[in-house]
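To keep things clear, I will list the structure first and then write my remarks on it.
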Amino acid sequence: SVVAGASNGAGMARSGGGFFTSNSGPLMIAQIQTVNLADPQSARLKILEKKDEILASANTLDPVLVNLGGGAKDLEVRVIDTAAGPMVISHLIVDVRDAMGANAVNTMAEALAPTIEAITGGKVYLRILSNLADRRLCRARVTVKKDALKGTLKGADDIVDGMIYAWAFGDADPHRAATHNKGIMNAITPLVIATGNDFRAIEAGAHSYAARSGRYRAMTKWEKTAEGDISGTLELPMAVGLVGGATALHPLSKVVIKILGVKTATELGEIIVALGLCQNLIAMRTLASEGIQRGHMSLHAQNIAVMAGAEGDLIDTVARRMVEEGKVRMDRAQEILAELKKT
């Protein structure tokens, strides 16, 4: 149903010129946690005073990355209040180019820990990347002509309004947002896996980004245009890579990358986000028209038919009968199959 839905949504998107994408660059964050500080605000400024030296030291650790135009680019430091007392958190901003970047930023963070301790007089504990890669965003937008949304049960204007109401519900209510966003990840996660990337990191970053306002919200945003069409956007952290790890080694991942034809990690990220937006488009269009169960039950009916013993053309015949009757059950599949075999 996910593959069928995405294919259907992609066709609808053509009515408005398809998907348009952009990105903020391949920047990852390494976090260095410093504690046991009597003067955390002063410690923050002491670290920033040594910013140039810290960045230069970090870049000695990965000369290949620096030669490719990447490396440590910036240093941000903040003081946070926690249940264990105030902490000084240093963010090393690293351009990882076409790598996912976990190894590069973790190496830099660990190597810088003694320097941070010497500057502040505090104790460094955690030094590791953040999967909330909000400096590494990929964006996608789409406009779909209302006539491309028309269904058999409702008119185009009614479907557009229904989609806007569906999105607004998800953006306002975390219970709905969880399902709304799960549908987006239905498309994103499989492609991340297929390209050999870390789907758990992508999921963690996406859901964290959806809660960045302090409340968990819908990942997408949908609007009605002046012409009455519908326009949607999606912006997510997308820490995916093309070099290093399974992406460059696994034969199936290499085939997928070849099929996609991507040349950079940011291009891959843009395609992944566009696919998530496409999946959300068709999910909301279906919810606003015939309902999600119609398509789901058709596929489920085929599975039940096979489990009941149907083969070949009988699978579709049994499944269609069950859907028409509204009785998608094993016992009914067996009854229909027995009737068909008698004729």
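The values are calculated or read from the model by the stated rules, or taken from the named source; none is laboratory data. This structure is a prediction, so every number in the text was calculated from the model and none was measured. All Cβ positions, even for glycine, are placed from backbone atoms using ideal geometry, and neighbour counts span all protein chains on display. Keep in mind that these areas ignore ligands, DNA and RNA; they rest on the heavy atoms of the full protein, side chains included. Shrake-Rupley method; radii C 1.70, N 1.55, O 1.52, S 1.80 Å.
A few points about this structure:
- Among the residues of region 199-217, those identified as within 18 Å of A274 (Cα to Cα) and of a type outside the set (A, V, I, L, M) are F199, E203, G205, H207, Y209.
- Residue check for E76: acidic (D, E) and within 25 Å of A239 (Cβ to Cβ): yes
- Among residues of region 1-25 that are closer than 30 Å to D74 by Cβ, those with a beta-carbon under 9 Å from a residue that is in a helix (DSSP H, G or I) and open to solvent by 50 Å² or more (accessible area, probe 1.4 Å) at least six positions away or on a different chain give the pairs T21/E267; T21/I271; N23/E267.
- Residue in region 218-230 that is under 14 Å from the mean Cα position of the chain (by Cα), among the hydrophobic types (A, V, I, L, M, F, W, C) and modelled with pLDDT of 95 or more present: yes
- Enumerated strands (runs of 3 or more DSSP E) restricted to region 14-123, each holding at least 1 residues that are open to solvent by less than 20 Å² (accessible area, probe 1.4 Å): 27-35, 71-82, 85-95
- Looking at region 196-308, the helices (runs of 4 or more DSSP H) lying wholly inside it that each contain 1 or more residues that are touching a helix residue (DSSP H, G or I) at 6+ places or on another chain (Cβ under 9 Å), within 26 Å of G101 (Cβ to Cβ) and among the acidic types (D, E) sit at 199-210, 265-287.
- Cross-chain or 6+ apart pairs with Cβ under 6 Å, region 112-129 first and more than 13 Å from I89 (Cβ to Cβ) and of a type in the set (D, E), then at pLDDT 95 or above and surrounded by 21 or more Cβ atoms within 10 Å (Cβ to Cβ): E117/V124
- Residue satisfying condition, being buried (at least 19 other Cβ atoms within 10 Å of the Cβ) and closer than 20 Å to S130 by Cα, within set G232, G183, G245, G196: G196
- Any hit, region 154-171, residues being closer than 20 Å to A211 by Cβ and in contact with an Asp or Glu (Cβ under 8 Å, 6 or more places away or on another chain): no
- Screening the candidates D161, D173 for the property of being free of Cβ contacts under 8 Å to residues at least 24 places away in the same chain, out of contact with any His (no Cβ under 7 Å at 6 or more places or on another chain) and surrounded by 15 or more Cβ atoms within 10 Å (Cβ to Cβ) yields one hit, D173.
- Qualifying residue in region 130-140 (condition: within 20 Å of the chain's Cα centre (by Cα), open to solvent by 80 Å² or more (accessible area, probe 1.4 Å), closer than 27 Å to G269 by Cα and not aromatic (F, W, Y)): no
- Single residue of region 326-343 satisfying the filter (farther than 14 Å from H300 by Cβ and at pLDDT below 90) that is nearest to the chain's Cα centre (by Cα): K341
- Failed condition for A166, given (1) in a helix (DSSP H, G or I); (2) farther than 30 Å from T286 by Cα; (3) open to solvent by less than 40 Å² (accessible area, probe 1.4 Å): (2)
- For K150, the stated conditions do not hold, so it cannot be described as open to solvent by 40 Å² or more (accessible area, probe 1.4 Å), under 21 Å from the mean Cα position of the chain (by Cα) and free of Cβ contacts under 8 Å to residues at least 40 places away in the same chain.
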